[in-house]
1. Could you list all residues from region 70-87 that are in contact (Cβ under 8 Å) with a residue 60 or more places away in the chain and either assigned to a helix (DSSP H, G or I) or buried (at least 20 other Cβ atoms within 10 Å of the Cβ) (or both)?
2. Within region 143-261, considering only helices (runs of 4 or more DSSP H) that don't extend past its boundaries, which have at least 2 residues that are without any contact (Cβ under 8 Å) to a residue 40 or more places away in the chain and surrounded by fewer than 20 Cβ atoms within 10 Å (Cβ to Cβ)?
3. Could you figure out which of (1) of a type in the set (D, E, K, R); (2) assigned to a helix (DSSP H, G or I); (3) not assigned by TED's automatic domain parsing to the domain that holds Leu220 isn't true of Glu104?
4. Out of (1) outside the structural domain of Ser136 (by TED's automatic domain parsing); (2) modelled with pLDDT of 95 or more, the odd one out for Asp224 is which?
5. Filter region 137-149 down to residues that are of a type in the set (Gly, Ala, Ser), touching a Lys or Arg at 6+ places or on another chain (Cβ under 9 Å) and within 15 Å of Ala195 (Cα to Cα), then give me how many there are.
6. Can you spot a residue in region 59-69 that is among the small types (Gly, Ala, Ser), touching a residue at least 24 places away in the same chain (Cβ under 8 Å) and on the phi < 0 side of the Ramachandran plot?
Amino acid sequence: MDEVNVCDFKAGDGVLLIGHGTRDAMGTRQFFELGEKLRSHLSPLPVEPCLLELQSPTIADGWENLKARGVKRVLAAPLLLFSAGHAKSDIPDALNQCLRHSSEMTWQESRALSRAPELLQLVLQRLDESRLKFQSRPDATAIVMVGRGSFDPCAQADMKLLTLWVAGQRKVAITTTAFYAMAHPRLPVVLRRVAVNASIETIVVQPHLLFEGALYQSILKQVDDVALEFPHKRIIVSGYLGPEPKVADALVRRLSSLSGK
């Protein structure tokens, strides 16, 4: 994306990068690696990575760090793929709690990443890496886009819209959506439904996840279990998005919508 001019932000602005949190050591490292990329993109604007749950630094820790650096307006950047309970309730509640002890400060929250152009580019990149590696024929290939899942109907719809967009960009025999939890259809059900199609030779499963963690490993396990039932089908799991510059670019795009407000 075009470089955002940090002069567009106001004096006293600071960024709180808010991740979900994970007990996975690699996932944690990847989150902070992304935090460094965002800091580099926005320098000299203060950027403090923090985590919603499971780990430190907490949102309150990040807020206090920004406060100590003279920040008056906190720009909260949720590192979330879709807008559901965390973005709509948990993060605002935590920020309002911080505000009670900092009456001189304000906060604004940017949108979830959703279908930011940079993220869409990375989705296709991960998909193409898997397809090129195995040279799958489009007319014998199925793509299964897997979301984490949410009870929020808007988040579910957003994942399905992503799948429709992918279907328009990469022409294969089948492109469909599955969810790991909290929404239907679930991944094993979708995999079996696709695998029984005699014309399908290769199934590319693309987990729409940011980092390594228990969820990615669970998806691998579910795929392995179904693959044992269909030994004549090639089922591939692509990589997660990862702490790539494109993710930082997408965050900057979302934050830039707050810069002049």
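1. The answer is Val74, Leu75, Ala76, Ala77, Pro78, Leu79, Leu80, Leu81, Phe82, Ala84, Gly85, His86.
2. 153-169, 187-195, 214-229
3. Here Glu104 meets the rest and fails (2).
4. (1)
5. Adding up the residues that qualify gives 0.
6. Checked against the condition, which is being among the small types (Gly, Ala, Ser), touching a residue at least 24 places away in the same chain (Cβ under 8 Å) and on the phi < 0 side of the Ramachandran plot, region 59-69 yields at least one hit.
The values are calculated or read from the model by the stated rules, or taken from the named source; none is laboratory data. Note that the structure is predicted; figures quoted are calculated from it, not measured. Neighbour counts are summed over all protein chains in view; Cβ atoms, including those assigned to glycine, are modelled from backbone coordinates with ideal geometry.
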